[in-house]
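Worksheet for the structure shown next.
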């Protein structure tokens with residue numbers, strides 16, 4: 001395609017990446033990134049741009065605050081996703097900048113007149129619904145294995161799949177052991193973003209097909225099929241990402257759950273709910289009596305953390321398969337916990353009860369409230 005340019009005084013400016021991709025797909029564009037060729041950092045600063053990049057020159061537009069990055073090349077210099085030497089200078093071309101990107105669908109540029117610059121056939125891959133790596137340099141950044149899996153989860157509903165040659169390259173990267181050099185924070189960030197997509201199960205499917213679950217998600221491998229179905233239900237119900245994360249651990253032991261959450265540095269909110277599911281989700285059955293529900297509430301610390309218990313109950317209904325009965329049961333339990341959680345020990349002290357008697361009396365009162373709501 002003809003390479004037209006948006007002139008901004010001394011420099012050539014192109015809209016790149018996700019904004020171009022999503023415009024072509026008819027999806028909402030939430031942020032726009034720009035690449036600048038033919039400019040130096042000093043020239044950008046003289047135009048009022050604010051430099052924010054540490055590893056390479058990235059600037060904020062003085063009015064829109066959108067990111068403008070100088071065109072750059074990268075050379076592998078070490079392990080992991082940080083082991084690169086970047087070169088940004090006026091002689092770096094747009095094509096050289098685009099070739100360092102991960103996928104062809106992310107390597108399309110557009111000028112102000114809407115003309116596309118597509119040297120690596122990203123438009124063709126958008127039309128064929130294919131996620132394909134731009135070049136062999138893809139293998140230099142292990143984080144891209146997780147990024148491709150996340151993109152697959154995001155665009156699965158449009159029919160996108162990973163190209164065979166890209167899947168093969170991802171398997172080679174996983175086999176090399178490079179994924180172990182990633183930081184937990186970066187893997188967690190990709191994972192939690194993927195869990196929020198319309199098809200979160202695809203993220204783990206792609207990683208499994210690439211042999212990439214072994215280091216970070218080893219404990220999830222035996223229960224992959226069941227967790228796929230549960231994630232589909234959670235996405236359909238538009239559940240929060242902490243519930244989606246917890247559903248992965250319904251068939252995982254508490255010890256393994258704790259180990260995985262610690263390895264990936266999952267925040268306490270996510271770890272706590274995952275452990276509840278791992279430990280107690282099998283105790284959630286429609287045949288339970290009031291005393292069973294009381295025991296479960298005590299185990300889950302429902303009285304002090306009713307919001308977390310609500311998430312636990314929601315997750316349990318998804319594990320057992322959503323139904324009108326399950327939904328009604330969940331509603332009854334949540335209402336019972338809300339009411340029973342307001343009971344105060346003070347009232348029982350005023351009745352003359354002491355020590356263990358207070359706890360026993362509160363349990364009895366709570367069980368009666370649960371029975372009332374269940375009936």
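The values are calculated or read from the model by the stated rules, or taken from the named source; none is laboratory data. From a predicted model like this one, the values you see are computed outputs, not experimental measurements. A quick note on method: Cβ atoms are made from the backbone with ideal geometry, for glycine too, and the neighbour counts reach across all protein chains shown.
For segment 235-263, how many residues are in contact with a helix residue (DSSP H, G or I) (Cβ under 8 Å, 6 or more places away or on another chain), more than 19 Å from residue 283 (Cα to Cα), outside any helix (DSSP H, G or I) and at pLDDT 95 or above? Of the residues in segment 235-263, 2 are in contact with a helix residue (DSSP H, G or I) (Cβ under 8 Å, 6 or more places away or on another chain), more than 19 Å from residue 283 (Cα to Cα), outside any helix (DSSP H, G or I) and at pLDDT 95 or above.
Note on segment 179-193: among residues that are in contact with a helix residue (DSSP H, G or I) (Cβ under 8 Å, 6 or more places away or on another chain) and in a helix (DSSP H, G or I), the one that is surrounded by the fewest Cβ atoms within 10 Å (Cβ to Cβ) is 184. Being surrounded by 13 or more Cβ atoms within 10 Å (Cβ to Cβ), within 29 Å of residue 371 (Cα to Cα) and touching a residue at least 60 places away in the same chain (Cβ under 8 Å) is a property that holds for residue 311. Is it the case that some residue within segment 337-346 is in contact (Cβ under 8 Å) with a residue 60 or more places away in the chain, over 30 Å from residue 215 (Cα atoms) and in a helix (DSSP H, G or I)? Taking every residue of segment 337-346 in turn, none turns out to be in contact (Cβ under 8 Å) with a residue 60 or more places away in the chain, over 30 Å from residue 215 (Cα atoms) and in a helix (DSSP H, G or I). For segment 159-170, the set of residues classified as loosely packed, with under 15 Cβ neighbours inside 10 Å and either assigned to a helix (DSSP H, G or I) or touching a strand residue (DSSP E or B) at 6+ places or on another chain (Cβ under 8 Å) (or both) consists of 164, 165, 168, listed by residue number. Those helices (runs of 4 or more DSSP H) of segment 91-155 in which at least 2 residues are touching a helix residue (DSSP H, G or I) at 6+ places or on another chain (Cβ under 7 Å), considering only elements entirely within it, cover 122-127, 143-155. For segment 16-30, a tally of residues being over 18 Å from residue 102 (Cα atoms) and assigned to a loop (DSSP other than H, G, I, E, B) returns 5.
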